[in-house]
2 protein chains.
Amino acid sequence: MTSDPSAPVCVLGTGLIGGSLLRAAVAAGYTGFGYNRSAPGAAAARADGFDVSGDLPGVLRRAASTDALLVLGVPMPAIDHLLAEIATFAPGCALTDVVSVKGPVLDAVREHGLDRRYVGGHPMAGTARSGWDATDADLFRDAVWAIGVDEGTHAETWLRVARLALDCGSVLVPVRAEEHDGAVARISHLPHVFAEALAAAGTAGGPLALGLAAGSFRDGTRVAGSAPDLVRAICEPNAAALLRVLDESLAALTAARDSLRADGTLGPLVDAGYSGRVDFEDRQRPEITGIAPGEHDWLDRYAEAGRAGGVITTLP
Amino acid sequence: MTSDPSAPVCVLGTGLIGGSLLRAAVAAGYTGFGYNRSAPGAAAARADGFDVSGDLPGVLRRAASTDALLVLGVPMPAIDHLLAEIATFAPGCALTDVVSVKGPVLDAVREHGLDRRYVGGHPMAGTARSGWDATDADLFRDAVWAIGVDEGTHAETWLRVARLALDCGSVLVPVRAEEHDGAVARISHLPHVFAEALAAAGTAGGPLALGLAAGSFRDGTRVAGSAPDLVRAICEPNAAALLRVLDESLAALTAARDSLRADGTLGPLVDAGYSGRVDFEDRQRPEITGIAPGEHDWLDRYAEAGRAGGVITTLP
């Protein structure tokens, strides 16, 4: 094994996120190749000049022989199958992923005995479109990319994953898997659930309601335009954390409903929401510096800094 | 009284919507003047060359003497006071409004005996900003403008209001007050309520959650950045209709929560939401033609056409 930062990147699953990562990595100077299960998807990537094959064992053997960094670019439901193949054909490769949930991926990686060189990742970027045709080398530019700092993380692999994410134009938020899942339940999965409920409520009003719909409805339902299978693959694996925040929000909405009914006021909800939006708009992203991967307590220190809203913009 | 379409427009309340309407009307060639309760707001409008005063009786006397079309540009809580002054100083003027709810305005107009020349209006446009500084002559361009077709509507006044809205660059959706309020509860007021709940849930996750927040959270909470008083003034007067759709959505979200908990699936909610968003994106806006204001059944025919998603883009 080598720590050569220019070693290849092998993307497994070249849909919107994986495919965009392959584009971004190649644009940043990496040797990149990949695998895609669907033949038309692989062909579309090849037509654009990218080295993408439908032969998973062959791609993994090549990754093993070149010490490529493997990137799991598939949704959660396809992870287990991919890990089984990796355990067979490329068990020594460094490994990261771009899945929207981190605890279940970490569990699966451990089950397959692949955790020694695994570092979780989650670029907070996307569009309602999907597939190779939606890929964009600039998808991750100025985005936030969550990077795992779970116990036992291999510093050299971590640096390699961190470098790739930075080279894609993102800033990094170091985070433990469980905390990641709790946070994204609030700021990604709950927004998806609410968008679906809003879109359903809107169309139940018929052509008149949809005809009057403007900015608040358009923005509030945007992510409901994502493919249903993809939304489910994003949200359902995070059921435990999503259920907690969904219960919390149902309680808040029920209280608002009761307050509107009894007293004609939405005051407490509106005040809390306004305050939350202001917090979001005013959030700071202090740069995390002075931590050297591999040094004593580096994982704890990164987790603490990420918890405080900090981001990594350069590596030591 | 005259039906001169170039008769002045008098805007009462020159905040975001009223002020933008004054700008748009003047840009379209109308003589426009107005009133604003706050002296700094009136001064800001004057500094930009608009004829806005803080003297309500004076402004209303001028409106009466020039047969101006009065536009109620204030939020619902300030409507009653304004109508009382209009009943005193300009009871014969044609009257419209830009309030986000129509039933309560119509009731108040009737209480003050001003309904003979009243036609409700609601431009479906806005931003999270407010006040004269946020005004924009193009705010209504390509927007949808709901226009009342309630029983007893005066055809000549209706034409005058319709012409103003078209001259501001909007298309018109003819709608009865009660149906308007039911529809906007779904596509405007519920989105506001959901945005507030989402923003509150996000900030409850602390700096980590806000640091990871990206597009779905940003879009889903955008309207929570509106001033709390304004959001309440928009939503609370529509409590009856909002409570109905809020109950409906609470039931849908609770069912989704139960399904996720029991079976790990969000399938029914996601399918319904996706379908709703597709309905929204694919909605048609058939042009309403062949109805002459004042002819037999014109109000019923317009209401029916608006219910079917139709819009008025030109006048006979």
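The values are calculated or read from the model by the stated rules, or taken from the named source; none is laboratory data. These numbers come from a predicted model, not from an experiment. No Cβ is skipped: glycine too gets one built from the backbone with ideal geometry, and neighbour counts run over all protein chains shown.
With the structure loaded, tell me whether A:LEU243 is assigned to a helix (DSSP H, G or I), surrounded by fewer than 20 Cβ atoms within 10 Å (Cβ to Cβ) and facing chain B (nearest Cβ under 7 Å) or whether it fails that test.
Yes: the conditions hold for A:LEU243.
Take the conditions at the interface with chain B (Cβ under 7 Å from one of its Cβ atoms), assigned to a helix (DSSP H, G or I), over 23 Å from the mean Cα position of the chain (by Cα) and within 18 Å of B:VAL193 (Cα to Cα) and apply them to A:PHE194. Does it pass?
no
What number of residues within region A:128-146 are farther than 23 Å from A:ASP51 by Cα and surrounded by 16 or more Cβ atoms within 10 Å (Cβ to Cβ)?
Here the count works out to 5.
Within region B:129-136, is there a residue that is under 19 Å from the mean Cα position of the chain (by Cα) and among the basic types (Lys, Arg)?
Taking every residue of region B:129-136 in turn, at least one turns out to be under 19 Å from the mean Cα position of the chain (by Cα) and among the basic types (Lys, Arg).
I'd like to check something: does region A:273-293 contain any residue that is free of Cβ contacts under 8 Å to residues at least 40 places away in the same chain, assigned to a helix (DSSP H, G or I), within 17 Å of B:ASN238 (Cα to Cα) and of a type in the set (A, V, I, L, M, F, W, C)?
no
For A:VAL109, state whether it is under 14 Å from A:VAL184 (Cβ atoms), among the aliphatic types (A, V, I, L, M) and out of contact with any Ser or Thr (no Cβ under 9 Å at 6 or more places or on another chain).
When the stated conditions are applied, A:VAL109 does not pass them.
Among what's in region A:151-171 and is assigned to a loop (DSSP other than H, G, I, E, B) and under 16 Å from the mean Cα position of the chain (by Cα), pick the residue that is nearest to B:GLY215 (Cα to Cα).
Among those that are assigned to a loop (DSSP other than H, G, I, E, B) and under 16 Å from the mean Cα position of the chain (by Cα), it is A:SER170.
Which condition number in (1) within 9 Å of chain A (Cβ to nearest Cβ); (2) part of a loop (DSSP other than H, G, I, E, B); (3) in contact (Cβ under 8 Å) with a residue 24 or more places away in the chain is the one that B:SER249 fails?
Just one mismatch for B:SER249, condition (2).
Considering only region B:42-54, state which residues are crowded, with 20+ Cβ neighbours inside 10 Å and not in a loop (DSSP other than H, G, I, E, B).
Selection gives B:ALA42, B:ALA45, B:VAL52.
Name the residue, out of B:VAL149, B:VAL105, that is within 13 Å of chain A (Cβ to nearest Cβ), surrounded by 22 or more Cβ atoms within 10 Å (Cβ to Cβ), at pLDDT 95 or above and in contact with a Leu (Cβ under 9 Å, 6 or more places away or on another chain).
B:VAL149 is the lone residue from the list that is within 13 Å of chain A (Cβ to nearest Cβ), surrounded by 22 or more Cβ atoms within 10 Å (Cβ to Cβ), at pLDDT 95 or above and in contact with a Leu (Cβ under 9 Å, 6 or more places away or on another chain).
Only residues that are part of a helix (DSSP H, G or I) and more than 13 Å from the chain's Cα centre (by Cα): list them for region B:172-183, please.
The answer is B:GLU178, B:GLU179, B:GLY182.
Output the number of residues of region B:266-293 satisfying the condition of being over 25 Å from A:PRO228 (Cβ atoms) and surrounded by 14 or more Cβ atoms within 10 Å (Cβ to Cβ).
Going through region B:266-293 one residue at a time, the tally reaches 4.
Quick check on region B:205-236: of everything there that is more than 7 Å from every other protein chain (Cβ to nearest Cβ) and modelled with pLDDT of 95 or more, which residue is farthest from A:GLY220 (Cα to Cα)?
Among those that are more than 7 Å from every other protein chain (Cβ to nearest Cβ) and modelled with pLDDT of 95 or more, it is B:GLY206.
In region A:299-316, what residues are within 14 Å of chain B (Cβ to nearest Cβ), outside any helix (DSSP H, G or I) and not hydroxyl-bearing (Ser, Thr, Tyr)?
A:ALA308, A:GLY309, A:GLY310, A:VAL311, A:ILE312
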